[in-house]
1. Quick one: accessible surface of Phe22, probe radius 1.4 Å, all protein chains present, in square angstrom to the nearest 10.
2. Can you compute 3J(HN,Hα) from phi for each residue in the stretch 48-53, using the Karplus curve 6.51 cos²θ - 1.76 cosθ + 1.60 with θ = phi - 60°, rounded to whole Hz and x for Gly and Pro?
3. Once fully extended, how much extra length lies between His87 and Val260, figured as 0.36 nm per residue of separation less the alpha-carbon to alpha-carbon distance?
4. More than 19 angstrom separation, counting every C-alpha pair in the stretch 202-265; what % is that?
5. With unit charges on the beta carbon (Lys/Arg positive, Asp/Glu negative), name the residue among Gly269, Asn284, Leu316 whose Cα is farthest towards the positive pole of the charge dipole of the stretch 264-318.
6. Using only the heavy atoms of the protein chains and a 1.4 Å probe, how would Glu146, Glu277, Glu258 rank by accessible area, largest first?
7. Between the stretch 57-77 and the stretch 12-33, what is the C-alpha centre distance in whole Å?
8. Counting each DSSP H run of 4 or more residues in the chain as -39500 (n - 2.57), what helix-only mean residue ellipticity at 222 nm follows after dividing by all residues, to the nearest 500 deg cm²/dmol?
Amino acid sequence: MTSLISLDAELPKEETIPTIDFGLLVNGTPDQRSAMVRLLATACEDWGFFMLVNHGIQDKLRDEMLEAFKALFDLTDDEKGSYIGAHVLDPIRIGSGFNLKTDTGKYSRHYAKIFVHPEFHSVPKPLNFRNISKEYSDYTRAIGLELLKAVWEGLGIEENRVADALKLRSCFQILVGNLYPPYPKPDFELGFAPHSDHGLFTLLYQNGINGLQIMHKERWIYVKPVPNSIMVNTGDHLEIVSNGKYKSVLHRAVLNSEMVRMSIVTVIGPSLDVIVEPIADLVNTDCPAVFRGLTYRDYLEHQQSNSLVEKGALNLVRLHTDH
Ligand code: OGA
Ligand code: NI
């Protein structure tokens, strides 16, 4: 398997990545809100991806979070201690690639993954990591949950029923820092192989260096985000609960030839212990259930312990092969 890829990833001129204005969604007039709810529904259905502007997260907090992750990566292996090589369900895990035991390609990525909700965890060093990551996690979780409310509204489903079924009050949230060292060759090399994320939504903020690509209509699209926007993508659990209406988007990251690229990623999903299945309103004789029920915990353990083969983890719960 070769990991060298070319950068054939421009967006056709007639298409633009959807941009959602969070301010209009939560503080707009009823008309403005419904316009955003409709736009969000289209973004989820046609793209599985959008840029979020007017989200209220200060640049300062983003930069502090990036710095804190950088300082964490700079610690010695001794200081990182048992977090290196921790189990996939341990609350703090530091490593490289995707999964050391199963990686076949050479993917140049360092990561730190920290469970931040319903129980908040933090690394002890750097000293300011705890406060910054708490604030960052709380803000992004509030944004993610608002987006989900708007998703249920767009699907015409009563919000509280879904929130209860998925126990969103104790939603699972992971905070991930990614660091991609520069790769000084003329060809682009992948930092992160094509995959989908396991949760409902993933929110991604980067250090100003592009590198994320999403699959759209069978082509790789290189994302050049609106400055200061948060990139949001649909995850496998949104595909499961929406019974396949909103597919999780396949994405990957390419390396920059000169600059260190960093991203802060937060994944928001159902409570780890509820059995997740397609929302009953979206299942009927014309549209039978496409996925079986499984706890998010079991799904997560499976997805994180196996090699990353695009959207392969969804096969664990898929009921019909013709979808
Ligand atoms: C991820 C991911 C891409 C990036 O962490 O799941 O897809 O651009 N990251 O860092
Ligand atoms: Ni991802």
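1. 20 Å²
2. x, 7, 7, 9, 10, 10
3. Result for the pair: 59.6 nm of gain on full extension.
4. Cα-Cα pairs of the stretch 202-265 separated by over 19 Å account for 37 percent.
5. Most positive-ward Cα: Leu316.
6. Glu258, Glu277, Glu146
7. Using only Cα atoms, the two centres lie 29 Å from each other.
8. When only DSSP H runs of four or more count, the value is -8000 deg cm²/dmol.
The values are calculated or read from the model by the stated rules, or taken from the named source; none is laboratory data. Everything numeric here is computed off the predicted structure, so don't read it as measured data. Positions of Cβ are backbone-derived with ideal geometry, glycine not excepted, and every protein chain shown enters the neighbour counts. Surface areas here come from the heavy atoms of the whole protein model, side chains and all, with no ligands, DNA or RNA. Shrake-Rupley method; radii C 1.70, N 1.55, O 1.52, S 1.80 Å.
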